[in-house]
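Encoded as structure tokens, the structure appears first; notes follow it.
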Amino acid sequence: MVVNPNPLRPAPPSPSGIPTDPWRYLWRVARTQSGRVAVGFITLSISGTAWILLPWVISKIVDEVIIAKATEDLLPWAIALVITAIGSSWIFVAGYRFLFMAESRARVETVESLTDHLNTAGTGVRGAVSPGEMVNLSTEDAHKTGSFIFQLGFGWMGLVMLVVGTVILWNTDTRLGIVAAGGVFAIGFLVGPLLGRLQHHQIAYRASVATLTGQAADVVGGLRVLRGVGGEAQFSQRYRAASADLRDAGYGVATADSWVQGLRASLPLALIAIVTWVGARLALDRSITIGELSAAFGMTALLAQHAGALIGMAQAIIAAQVSSRRLTAFFGTESDISDGGTGREARGALRDRETGLTVEPGKLTVVVSAEGKPAALALERLARYRDSQAEWGAVPLADLELDTVRERVLLLREDYLFAQTLGETLRVSPEAAMSAIRAACAEDVHSSLGSTLDGAITNGGRNLSGGQRQRLRLARALAADAETLLAVEPTSAVDAHTESLIAERVTEARRGRTTAVVTASPLWLAHADLVAWMVDGKVRATGTHAELSLDGEYRSLTSRQESR
Amino acid sequence: MSVPSTRLPTAGRAEMMRAVKRLVLDDKAAFTGVVVLYVAAAGASAALPVMLGEVIDGIGTGWTASRVDLICGIIAGCVLAQLLLMRTGRRLGYRLGERAAARLRESFIDRVLRLPLGTVERAGTGDLATRTSGDVGAVAELLRKTGPEVAVALIEVTVITVAAFVVSPLLGLLFLIGSPALVIAGRRYVRLASPVFLKERAAMSEIAETLTASAAGAQTVAAYRMQDERRGAGYGRAAVHMKRLKGIVRLQTWFFPATDLAFLTPAVVVTIVGGIWYMNGWVSVGEVVAVAMLTLRLDGPVFRSMMALSEFQMGGAAMARVEGVHLMPDEERGAASDGAEVRLDDVTFGYGDGPDVLHGLSLRPRRGERLVVVGPSGAGKSTIARLIAGIDRPRTGRVTLGGAPVADIPLEELRRKVILVTQEHYIFTATLRDNLNLAAPEADDEALFAALATVDARWAVDLPDGLDTMLGEEHHELNLAEAQQLALARVILADPDVVILDEATAGIDPGSAGNVEASLAAALHGRTVIAIAHQLQAAETADRVAVVREGRIAESGTHDELLAAEGIYAGLWWAWKGVAV
């Protein structure tokens, strides 16, 4: 996670050009929706004015019709009342629609930005974001950063009502205006500091929710393991502990939240009480009429209610900022591989400086290593999943355009299988797909999916067995038909007969192209043009399998003679 | 293997009501307290317009300033009382919801942990994952937030209505004039809203799933240059979501004005008709104003509770899925095993409605024997492992442990005796210690290190925080070999009578696989070990080798015997050694 160490200095922009400062990101979200937001704000201003006029119209009816007992004035005022009531409601819905659409678009755009950033940051996102986190970013956080626009609109409406209401009250009696406007400001002043406390608890709470969601996800993923070893009780105990932590964090939120909620309900009432009091004294002095007293009451009630919207807006902004911080932290993740190279041309052998491994063009090289890790790392460097001094012929790999390397060099590991059909997974014509399936001995994958390339694979290939997944990955790599194919233990999960067939068919399919395979299996070695034997992370010897087999240590590693 | 999908059940109305009742009854005192506090708070707030009416009429009848001050002082007192009542009620309510949510998710997880693995696999992990992460969270949110808010709103509506009748029964009748419209609109909304909101939720989980896959498969996306595809997938899901959101706003466009009518109509009618009634001398001005102002106070709570209707619907749907897990029949596992002898007699088995995978297979591992089961892929080796571990039941024939059918032995007892380690290597997002001691909670650090040493897990010593190092994707990620060593270390800690290793060493470095096998064999000496292998390292030193082919035991004997017999095993062995047959 990238955390901006200095909040005063803006963070550098992310690789996707998305601001990495939370506030700037929110600003961007709002700005892209400026048209809808503007129309929404204007409409809500009109609606807010109509709302606040409602008690004023009622007060007019009280004074000029009811108390004056002027029946003839009833009709025009009644019509005015109905129009104000219906108008305020309908205009409000129009404004609501605009803001809702702005929010929805903003959410969609955040999801699109996330999609794009996943592509831009490439392999850098692995390890930077957990699956549970990704779920939160794309749903909750996208929602919260969008809905603040919405809340801003309601806050604005409250502000308009406040101004119009204060002006009307001021005109009725200056003292009433002062009390009402001053009261609304006081509400903001009193509740402000509390919101800070609430935010503090909310952050802790969000962290606990994420932990617990992660643990719950573990149940599904790890159920087989738990079942295998009988760890259910222990797991349940741990889950309960985390659940209790979350509950306690929730209690913390409850303490702060209850004050906010309580004050949110009561401060408006307090204001109404004060205005009523002042108004009643004024009415007693005949400074204002009975109707004006009731208007003051009604307007303050509405104002106070929308002072709640102002507070709601503040809360939404805090929540949006929390979410925006998480989003921008993710947008700040960068590709873990530098992409400064511009070269496209390279020919000759791939050479890894650190291990001394050389992959000769047009040949099948088998890398034999007692320890798998250094060999796998060497292939990662040669395929540029790690920056290194590796070279392709005379050209440093780092000087080549990354996209060119990706096109020409394919590294096969524990790759991901996406929710696609079999045909889409293999990414080639049906004929080529079938021949790749055959070469990888993955016919059973094909048949288990209904013997059609339209058979669906679920995310992560969860509807296939481990062995099937491995062979399907191999088939995909073969279908890609890259100039250079580097593979780490591509047949670790298959039986000897199948492995023998795969080694034979892959060798045939890749004849004349560059292939390197990390394995110690004699079934592969039988087909190897060249063998690189690695010991302690360095290539000790290179030669044919027969030449190297003269060495006893090599023999014991590859010929499976004696089990130790 | 592909297994036909059978979704997990969802709870019906009656079960839901029971579940809600249970949640309330479990915390009865707090629940009652919250309701009482909310009613009192609502009462205090409804006192305001009522007293306004009093003051208005009082002014007309010549009240003194001190009388006005007294009444207004009481109003102020009501507000203070309301604050304290509301705050206390909110706090209690929030904590109540928080507790209920915790109980709900804990019992859910406990139930999931007891679900038969076969059932979970048939349902697909996706369904279960949605329930554990999304639905449990949605219900929790309902319990701690939306639920209490709606309770407050409904109580306020009730108290305001009662207050209107107290002020003037006649005007109270006018007050009710908006209710039929509200009820009709509400019912229609609930009916229409639920599918609309469910679709929106579904679109949102599609987004989450797609982006999670893009993140998890970042390396694959780079390798195969799938950026355009993933972009298409992400944008496509976002577009569908947009469509669903539009559906929501379309619905709200008619619903909101309908809700507004619920309080605007009485406000207008009370003012006009009340005015006429005043002129006829039936009511006082104060009463008309008080009731008219009471109608305006309805706005907030009516709007809030109507808005929450859809949330309730969605929360209800989520709750139905959460509760549905409890509807799974509990497995009847009451058999008692005597000893730990494993026998498979004339077993046939197939997945779902599929064809038989095993055809009358019999296998009797001897106690303390190290039996290696080999054979080509798809021969049914892993199925044997699942049957012995009691995950699946045979179609015909018997799979027994100590004389009792394995699938009928209570899980706790079964796990003490039989442990299955597969090539599925899952690392829990927890510390190394927690990952290890799942099977043996009491094991001390020394035992944990010893177990790790046995499986040659030297990497564990170099971890930054030792046993307290957090593992998992966003912490310290283990590779395949390390994950498998961890799984094997767990077995050593659990120390069962029977160990089934299904390709358990497949990912370990060739150089150390032999070491691991040997140390494991030593550590498990005296236990019955049934090792399933594609690779034949282990076969050579096994007490016995059983060759499975097409769902039957084709050959069985020691390595040397089978080589001499020149049958299937001999063919496999020489192929594995790289010698052309």
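Per-residue mean of foreign Cβ neighbours for B:296-309 is 2 (Cβ atoms of other chains, 10 Å radius). Whole-percent P(r), chain A, all Cα pairs, 20 Å bins from 0: 16, 34, 26, 15, 8, 1. For the peptide B:488-499, the mean number of other protein chain Cβ atoms found within 10 angstrom of a residue's Cβ is 1. Going from the residue with the fewest nearby Cβ atoms within 10 Å to the one with the most, B:L92, B:L420, B:L572 rank B:L92, B:L572, B:L420.
What fraction of the Cα pairs in segment B:406-493, stated in percent, has a spacing above 16 angstrom? Distances greater than 16 Å cover 52 percent of the Cα pairs. Taking the charge dipole of the protein assembly as shown about its Cα centre, with +1 at Lys and Arg Cβ atoms and -1 at Asp and Glu Cβ atoms, the residue from A:L327, B:F197, B:A439 reaching farthest to the positive side is B:F197. Within straight-line reach of A:K373, meaning a Cα separation under 25 Å, sit the following lysines at least 8 residues removed in sequence or on another chain: A:K363, A:K538, B:K577.
Putting +1 on Lys and Arg Cβ atoms and -1 on Asp and Glu Cβ atoms, find which of B:A140, B:A129, B:L251 reaches farthest to the positive end of the dipole of segment B:13-326. Of the listed residues, the answer is B:A129. Packing, as the average of other Cβ atoms within 10 Å across residues, places the peptides A:333-340, A:476-483 in the order A:476-483, A:333-340, highest first.
Between A:T32 and B:D330, the FRET efficiency from the beta-carbon distance, with R0 = 45 Å, is close to 0.25. In a fully extended conformation the segment linking B:R433 and B:V24 would gain 143.4 nm over its present Cα-Cα distance, using 0.36 nm per residue.
Cα axis of helix B:28-60 to longest principal axis of chain B: angle in degrees, 0 to 90, nearest 10? The answer is roughly 20 degrees.
Principal semi-axes of the equivalent ellipsoid, √(5λ) from the alpha carbon gyration tensor of chain B, are 70, 24, 22 Å from largest down.
Between segment B:350-405 and segment B:26-59, the alpha-carbon centres lie 69 Å apart. If you find the alpha carbon centre of segment A:506-524 and of segment A:408-423, how far apart are they in angstrom? Taking the Cα centre of segment A:408-423 as reference, the centre of segment A:506-524 is 18 Å away.
Stretching the chain fully between B:R458 and B:L198 yields a gain of 88.6 nm (0.36 nm per residue, less the alpha carbon separation). Among A:422-430, B:52-60, sorting by the average number of other beta carbon atoms lying within 10 angstrom of each residue, highest first, gives B:52-60, A:422-430. Eigenvalues of the alpha-carbon gyration tensor of segment B:52-173, scaled by 5 and square-rooted, set the equivalent ellipsoid semi-axes at 53, 16, 8 angstrom, largest first.
Just to be sure I understand the rule: take each whole DSSP H helix in chain A, project its Cα atoms onto its long axis, keep it if the span is 24 Å or more and its mean Kyte-Doolittle hydropathy is at least 0.5. Which ones pass? Helices passing the filter in chain A: A:34-60, A:74-121, A:142-172, A:174-229, A:290-331. Going from the fewest other Cβ atoms within 10 Å to the most, the residues A:W524, A:W392 appear in the order A:W392, A:W524. Applying 1/(1 + (r/R0)^6) with R0 = 56 Å to the Cβ-Cβ distance of A:E371 and A:L190 gives a FRET efficiency near 0.25. Relative contact order, whole percent, for chain A stands at 16, derived from Cα pairs under 8 Å and 6 or more residues apart.
Directionally averaged projected area (segment B:342-577, Cα convex hull): 13.1 nm².
In summary, segment B:13-326 shows an alpha-carbon radius of gyration equal to 1.30 times the 2.2 N^0.38 Å reference for compact globular proteins. For segment A:486-505, list residues with backbone N below 20 Å from a point placed 7 Å from the Cα of B:K577 toward its Cβ? Of the residues in segment A:486-505, A:495-501 have backbone N under 20 Å from the label point off B:K577.
Angle of helix B:480-494 to the longest C-alpha principal axis of chain B, folded into 0 to 90 degrees and rounded to 10: 90°. Using the empirical formula 2.2 N^0.38 Å as the baseline, the Cα radius of gyration of the protein assembly as shown reaches a ratio of 1.13.
Placing unit charges on the Cβ atoms of the charged side chains and taking the dipole of segment B:13-326 about its Cα centre, the candidate lying farthest along the positive direction among B:I109, B:L52, B:L171 is B:I109. Evaluated with a Cβ-only charge set (Lys, Arg +1; Asp, Glu -1), segment B:13-326 carries a dipole of roughly 1000 debye about its Cα centre, given to the nearest 20. In chain A, helices alone account for a calculated mean residue ellipticity at 222 nm of -22000 deg cm²/dmol, with every DSSP H run of four or more residues adding -39,500 (n - 2.57). Most simply put, segment B:342-577 has about 45% antiparallel DSSP beta bridges, counting only bridges with both residues inside it.
Seen against the Cα atoms of chain B and their longest principal axis, helix B:179-216 is set at about 30 degrees. Annotation: peptides B:237-245, B:259-267, ranked by per-residue average of other Cβ atoms within 10 Å with the highest first, follow the order B:259-267, B:237-245. Per-residue shielding of A:522-533, expressed as the average number of other chain Cβ atoms within 10 Å of the residue Cβ, stands at 1.
Where a number appears in this text, it was derived from the coordinates with a stated rule and is not lab data. A quick note: this is a predicted structure, and the numbers were derived from the prediction, not measured. Cβ: placed from backbone, ideal geometry, glycine included. Neighbour counts: every protein chain shown.
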